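Note sheet for the following structure.
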Amino acid sequence: MNYKILNEYNLTEDEMDGVVVRVKAFVINSKNEIMLASSNGGVQLLGGHVEIGEEPVDTLKREMMEEAGIEIANHEISEPFYEVKHYTKNYFHSSKNIIAKIVYYIVRTDKVPNRNRVKLTKQEQNYDFHIQWIPFESFEKYVEGFLNSEKEVNRWIASEMLSAFCEVKSISSMS
């Protein structure tokens, strides 16, 4: 597994108050399309925060059900292939320094989103969260379009997705 460390303030492990783990998935179907979520003027991969006592793969399965209404089986989920560690000062404007780890997986499935099974948060509903498929060969150019977003969070997410996509492309070229 490859890693990327982002540490703008050169924080040390001793200065960190905790770790938050999130999982994200490149969901790819047999037509070689990637599932993306659009929300609040940006795009993102499906996934979310690992809850206390939850295994990352179980988080991924839970998030796939909540965000897309899809039940994913273990055999559809790859081993994690990429991890980004953000050493974050004053995490979400708190006085805490947190390591935010984002662990990336590939999910290969032809299951389609089922809106009747989706359980979006109020924030996701308010931000018009919805799913779309992007052809693999168009993914990079599509996501690059969000690098100039007015919202910093959308630029940050797009940049990280593109970094992870480079790993996906190298894995796909080996298969």
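A few remarks follow.
- Test: Glu54 is out of contact with any Cys (no Cβ under 8 Å at 6 or more places or on another chain), surrounded by fewer than 17 Cβ atoms within 10 Å (Cβ to Cβ) and either within 19 Å of Leu6 (Cα to Cα) or without any contact (Cβ under 8 Å) to a residue 12 or more places away in the chain (or both): yes
- Top-ranked residue in segment 59-77 [being among the small types (Gly, Ala, Ser) and touching a residue at least 40 places away in the same chain (Cβ under 8 Å); ranked as farthest from Glu124 (Cα to Cα)]: Gly69
- Residue in segment 18-40 that is in a loop (DSSP other than H, G, I, E, B) and of a type in the set (Lys, Arg) present: yes
- Scan of segment 135-165 for residues that are of a type in the set (A, V, I, L, M, F, W, C) and more than 23 Å from Thr88 (Cβ to Cβ), ordered by number: Phe136, Phe139
- Of all residues in segment 87-114 being farther than 20 Å from Lys24 by Cα and in contact (Cβ under 8 Å) with a residue 24 or more places away in the chain, the one that is farthest from the chain's Cα centre (by Cα): Lys96
- Listed by first and then second residue, the pairs with beta-carbon distance under 7 Å, at least 6 apart or on different chains, first residue in segment 10-24 and on the phi < 0 side of the Ramachandran plot, second of a type in the set (S, T, N, Q) and surrounded by 10 or more Cβ atoms within 10 Å (Cβ to Cβ), are Leu11/Asn97; Glu15/Asn97; Met16/Asn97; Asp17/Asn97; Val23/Thr59.
Every read-out reported here was derived from the displayed coordinates using simple, explicitly stated rules and does not represent laboratory data. Here the structure is a predicted model, which is why all the values come from computation and not from measurement. All Cβ positions, glycine included, derive from the backbone under ideal geometry; neighbour counts span all protein chains shown.
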